Amino acid sequence: MHQTDALDVRRLMRREASSFFKDGEMRLKPVRGIIQVGTNQTEAAHGGPGLFLAVLVDRRAER
C-alpha cells in the first residue's frame with residue numbers, strides 16, 4: 001500500500017481490477033474511475049494486466 005498527498009484521478013481502461021483500502025475493497029470495471037486525496041491504497045488487476053489512465057496532481061493535503 002502507498003499514500004501520498006497528491007490528488008489521484010485514475011480510470012480503468014482495460015480488464016477488471018480492485019482498489020484495496022485499509023477498510024475495504026472497490027471492484028472496478030472498464031471505464032470506471034476513482035478520485036482520492038491522501039488515501040492509503042493499492043490495486044490488483046483480474047484476468048491479466050490491466051490498463052489505467054492516471055493523473056496525479058501534486059498538492060499538500062489539508063488535514
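Coordinate-derived values only; no laboratory data. Model, not experiment: these values are computed from the prediction. All Cβ positions, glycine included, derive from the backbone under ideal geometry; neighbour counts span all protein chains shown.
A few remarks follow.
- Average Cα contact separation per residue, the chain, under 8 Å, 6 or more apart, as relative contact order %: 48
- Cβ charges +1 (Lys, Arg) and -1 (Asp, Glu), total dipole of the chain, debye: 220
- Kirkwood analysis of the Cα pair distances in the chain returns a hydrodynamic radius of 12.1 Å.
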